[in-house]
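Right, one structure below, let's go through it.
Read-outs throughout are calculated quantities, based only on the coordinates presented, and are distinct from any laboratory measurement. Just so you know, these numbers come straight off a predicted model, no measurement behind them. Positions of Cβ are backbone-derived with ideal geometry, glycine not excepted, and every protein chain shown enters the neighbour counts.
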Amino acid sequence: MTHITPVPFFFRKVLAPAENQAELEATVELCKKELATYAGVYDIRDDSSRGKVEFRIRIKDNATMLGISDEELAETVRAAYYGAEVMRLQRGRNEVKLMVRYPQASRRSMTDFNEIRVRGADGIERPITELAEIEETQGYSEINRLDQYRSITVTANLDETQANAQQITTRLKQEFLPKIQEQFSMIRFRWELKTVTQF
């Protein structure tokens, strides 16, 4: 009968999140690709959880010269996506706020985001791309940390009829991981050995 057991290691890549997030993500993908080269290793995954798309906005110098501040730029974007109050209506004893914002389909499009217009002190409305540098990024819905470092855990399952977990682990430590640390010197690995056999 085939025995299926999780590969007995979880190696965490730990590093300072601010400046080395790209290296962490690159290392995770390289590790997953390396594991995929071994016969009998399958269901390779990591525990990172991608969040929503975010826009990072940095105001340009010419916007400041036009009298547009960071706060005004942020408020214009907020109004476009979350709505701006245009009036309040009285309905019986209740007061209802009337909000105006872009349609839902437009709020999901980077193209429409670039069409947001910002009014300057001269009264002229200009596209946000003329006034700010915009970077589209995707954060994480959950961030794991270990010893004050950001960490991502890579796991896999192993078919013991095709491969030996200890041999794979030893080969990874001796051959693969040194190459990774030569390329990304800030990367650290934490190994946690487990062996759980299912019959």
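Values as computed for the structure displayed
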{"read-out": "Ranked list, fewest to most other Cβ atoms within 10 Å of each Cβ, for T37, T155", "value": "T37, T155"}
{"read-out": "Pair N164, E115: separation of 7 Å Cα→Cβ label points (nm)", "value": "6.4 nm"}
